Amino acid sequence: MNILKQLKEVTLSVLPIGLFALILSLVFGVMDTGEMLAFLLSCILVIIGLTFFLTGVDVGLLPIGNRIGSALTKSRSLIIMLAAAVVLGVIITIPEPDVTVLARQVHSVNPAINTGLLSWCIAIGVGIFLSISLARTVLGWKMKWIIAVSYVFIFLAAFFNEDFFVSVAFDSGGATTGPLSVPFIMALGMGVATLRHGDEEAQFGYVAFSSIGPVLAVLILGLAFNDPASGSVLASEEAVPGFWQLLGSKFSEVGVSLLPLIAVIVICLIFFLRLPRIETVRVAVGILWAYIGIAIFFTGVEYSFSDVARELGAALMSRSPLLLYGVGFVFGLFVVLAEPAVIVLTEQIEEASNGKISRSLMLATLALGVGLAVVLALLRTVKGFSIWYLLFPGYVLIMLAMVRTPGLFSAIAFDSGGVATGPMSSTFLLPLAMGAASGNASMSLTASFGMIAMIAMMPILLTELLGIWYAHREKEAKERTK
């Protein structure tokens with residue numbers, strides 16, 4: 001990968017967010033000079049971190065994940081493959097930073113929900129459904145049927161849950177597919193997909209299943225809780241760390257996060273893969289780049305982004321809800337373009353489809369979907385109505401559209417919903433909603449949850465509509481050539 005080209009693309013993705021936030025902050029007097037400098041530093045760190053991370057993914061994580069997936073297919077034992085998928089799913093999810101962030105935010109609103117229990121519940125859901133996704137590829141099951149049945153069980157479980165747990169469950173599905181897990185899951189799946197040569201659909205859907213599992217798992221956990229959160233303020237406020245302290249903590253956290261995955265990779269290299277030394281060194285260098293990049297990225301995001309978003313949300317809400325919705329829509333358009341997993345997915349879609357589905361078209365579709373999702377989530381935060389009014393009709397439309405959507409686009413659609421909900425969403429858009437809620441005493445912070453759920457839902461629907469349009473266009477082209 002050309003790192004200078006990657007730096008240019010990342011800069012063009014992140015710069016609009018920074019400039020728009022900076023202009024709004026100046027207009028509404030949200031930042032003083034010191035805070036402005038901190039925000040500019042955050043933008044620079046996000047750009048550098050994303051560049052390093054994506055380079056490392058391309059050099060190390062994607063190739064080794066692909067190799068492990070191919071090695072699993074050679075075991076000739078479906079049981080061994082599925083058991084390994086469960087273990088790998090848990091290992092790559094427990095340390096996922098997005099999961100940790102969400103668990104802490106949920107605990108801050110409802111202290112009865114233990115962060116460790118919630119994290120393990122989410123991880124087990126990922127592991128089980130990653131296993132199901134690999135079985136789907138090996139056995140040739142239709143993805144549409146599995147998804148339809150899964151959502152029947154999800155909405156049955158949701159019916160018996162409190163609104164707050166429904167929001168958290170669907171948010172959990174988005175939080176699992178973060179910058180550390182998505183590249184590895186996709187590469188693992190594409191390695192297994194080599195069993196089905198020429199089947200484009202088999203190369204996608206692994207992220208989708210990894211998003212469905214946690215939703216169902218958290219809803220089952222929710223059945224054991226009868227204490228819905230009702231507070232309008234956070235349970236506790238943590239001390240804000242200084243820059244160097246935050247940087248050190250992020251390098252430490254990400255290092256610990258990567259250890260289980262590195263251990264699995266080392267075991268595979270020693271006992272199963274036996275790569276040439278030059279390839280082994282390349283993988284090691286790629287993982288090192290990814291480690292440095294994601295640590296710098298999270299430092300930049302958490303140093304100033306979340307605070308600025310929260311203050312902007314409160315300032316916009318105090319002036320006009322309509323202004324809040326409009327700004328939220330624009331931020332939704334920008335933020336998805338800076339998500340690491342979105343960049344990885346759209347590149348793989350363009351490559352796997354031999355350019356038939358261009359990266360720019362997918363990015364435009366996802367951006368529009370996330371923009372609309374942010375407006376819906378903010379509308380719910382301001383009005384305080386049940387999340388059922390958004391989730392149920394949304395997924396009914398998704399299921400109906402899936403009937404007419406080509407198989408490849410169905411797989412891509414549900415993958416898109418997962419990757420759109422990354423660290424930029426949880427650390428910028430969710431705080432924007434929480435800031436709006438905190439700016440009005442009549443609002444509850446619990447209503448701000450569901451932002452990630454909406455961001456996961458809308459890109460699925462829009463990508464399905466894109467697939468229906470694409471199939472119609474191809475049909476017309478064939479008729480003209482007759």
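The values are calculated or read from the model by the stated rules, or taken from the named source; none is laboratory data. Small disclaimer: the values here were computed from a predicted structure and weren't measured. Ideal geometry is used to build each Cβ from the backbone, glycine not excepted, and the neighbour counts take in all protein chains shown. With ligands, DNA and RNA removed, areas are computed over all heavy atoms of the protein, side chains included. Shrake-Rupley method; radii C 1.70, N 1.55, O 1.52, S 1.80 Å.
Sub-6 Å Cβ pairs linking a first residue in region 331-347 that is without any contact (Cβ under 8 Å) to a residue 60 or more places away in the chain and under 16 Å from T11 (Cα atoms) to a second residue that is part of a helix (DSSP H, G or I) and not aliphatic (A, V, I, L, M), at least 6 apart or interchain, are L333/G371, ordered by first then second residue. Count of region 137-172 residues, restricted to those that are within 19 Å of S108 (Cβ to Cβ) and either among the basic types (K, R) or open to solvent by 30 Å² or more (accessible area, probe 1.4 Å) (or both), is 2. Do we have G450 as more than 20 Å from Y206 (Cα to Cα), open to solvent by less than 20 Å² (accessible area, probe 1.4 Å), modelled with pLDDT under 85 and not basic (K, R) here? Spelling it out, G450 is indeed more than 20 Å from Y206 (Cα to Cα), open to solvent by less than 20 Å² (accessible area, probe 1.4 Å), modelled with pLDDT under 85 and not basic (K, R). Answer yes or no: is there a residue in region 152-167 that is within 18 Å of G89 (Cα to Cα), of a type in the set (S, T, N, Q) and in contact (Cβ under 8 Å) with a residue 60 or more places away in the chain. No, there is no match, as no residue in region 152-167 is within 18 Å of G89 (Cα to Cα), of a type in the set (S, T, N, Q) and in contact (Cβ under 8 Å) with a residue 60 or more places away in the chain. Being farther than 26 Å from T299 by Cα, at pLDDT 75 or above and of a type in the set (G, A, S) narrows it down to one of A229, A169, so name that one. Sole residue among the options that is farther than 26 Å from T299 by Cα, at pLDDT 75 or above and of a type in the set (G, A, S): A169. Of the residues contained in region 401-414, one or more are found to be open to solvent by 30 Å² or more (accessible area, probe 1.4 Å), closer than 22 Å to K142 by Cβ and assigned to a loop (DSSP other than H, G, I, E, B).
Answer yes or no as to whether L345 is closer than 19 Å to G418 by Cβ, part of a helix (DSSP H, G or I) and open to solvent by 10 Å² or more (accessible area, probe 1.4 Å).
no
With respect to (1) more than 21 Å from the chain's Cα centre (by Cα); (2) farther than 24 Å from L72 by Cβ, the lone exception for G255 is condition (1).
Each residue in region 99-123 was checked for being part of a loop (DSSP other than H, G, I, E, B) and open to solvent by less than 10 Å² (accessible area, probe 1.4 Å), and 2 pass.
Quick check on my filter: what residues within region 151-164 are under 11 Å from L216 (Cα atoms) and hydrophobic (A, V, I, L, M, F, W, C)?
Correct list: V152, F153, I154, F155, L156, A157, A158.
Across region 17-73, the number of residues qualifying as within 22 Å of A367 (Cβ to Cβ), surrounded by 21 or more Cβ atoms within 10 Å (Cβ to Cβ) and of a type in the set (A, V, I, L, M) comes to 7. For the structure I just gave you, tell me whether V126 is open to solvent by 10 Å² or more (accessible area, probe 1.4 Å), in a helix (DSSP H, G or I) and among the β-branched types (V, I, T). No.
Within region 173-196, residues that are modelled with pLDDT under 80 sit with their Cβ atoms under 8 Å from residues that are among the basic types (K, R), at 6+ positions apart or across chains, in these pairs: G191/R67. Checked across region 30-39, the condition of being touching a Lys or Arg at 6+ places or on another chain (Cβ under 7 Å) and either among the polar types (S, T, N, Q) or over 30 Å from W289 (Cβ atoms) (or both) holds for no residue. Pick from region 16-60 the residues that are under 23 Å from G242 (Cα atoms) and acidic (D, E): which of them is nearest to the chain's Cα centre (by Cα)? Going through the qualifying residues, I end up with E35. Where residues in region 415-447 are hydroxyl-bearing (S, T, Y) and open to solvent by 10 Å² or more (accessible area, probe 1.4 Å), which of them is modelled with the highest pLDDT? Per the stated criteria, the residue is S438. Does region 305-315 include one or more residues that are surrounded by fewer than 21 Cβ atoms within 10 Å (Cβ to Cβ), modelled with pLDDT under 85 and either touching a strand residue (DSSP E or B) at 6+ places or on another chain (Cβ under 9 Å) or hydrophobic (A, V, I, L, M, F, W, C) (or both)? No, every residue in region 305-315 fails to be surrounded by fewer than 21 Cβ atoms within 10 Å (Cβ to Cβ), modelled with pLDDT under 85 and either touching a strand residue (DSSP E or B) at 6+ places or on another chain (Cβ under 9 Å) or hydrophobic (A, V, I, L, M, F, W, C) (or both).
Each residue in region 173-188 was checked for being closer than 16 Å to L430 by Cα, outside any helix (DSSP H, G or I) and either of a type in the set (G, A, S) or open to solvent by 10 Å² or more (accessible area, probe 1.4 Å) (or both), and 1 of them qualify. Scanning region 245-268 for residues that are without any contact (Cβ under 8 Å) to a residue 24 or more places away in the chain and buried (at least 17 other Cβ atoms within 10 Å of the Cβ) yields nothing.
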